[in-house]
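Note sheet for the following structure.
The values are calculated or read from the model by the stated rules, or taken from the named source; none is laboratory data. Because the structure is a prediction, the values reported are computed rather than measured. Here the Cβ positions follow ideal geometry from the backbone for every residue, glycine too, while neighbour counts run over all protein chains shown.
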């Protein structure tokens, strides 16, 4: 499957938010490529977490209580 995303723009958003813990939420179709996505988004000064649960769109925000997530990056079909 062909897809693109602007990793530079995402890294800039992470930096501007001063996020330390970043959750990346992927639709099921992109989950098989999570390693490549993580490689493109890795940077210094923050931790990346991949949400492995369901994702039915940008309104499907994951809930969790044991991690302090500063920013959620949702990759989907269209800009939101």
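Quick notes on this one:
- For segment 27-47, the candidate set comprises residues that are crowded, with 17+ Cβ neighbours inside 10 Å and modelled with pLDDT of 85 or more; within that set, the residue that is farthest from residue 5 (Cα to Cα) is 46.
- Segment 48-77 - residue that is part of a strand (DSSP E or B), touching a helix residue (DSSP H, G or I) at 6+ places or on another chain (Cβ under 8 Å) and within 19 Å of residue 8 (Cβ to Cβ) and, of those, modelled with the highest pLDDT: 48
- Members of segment 1-19 that are touching a helix residue (DSSP H, G or I) at 6+ places or on another chain (Cβ under 7 Å) and surrounded by fewer than 15 Cβ atoms within 10 Å (Cβ to Cβ): 7
- Selection status of residue 22, at negative phi, surrounded by 12 or more Cβ atoms within 10 Å (Cβ to Cβ), in contact with a helix residue (DSSP H, G or I) (Cβ under 7 Å, 6 or more places away or on another chain) and at pLDDT below 90: no
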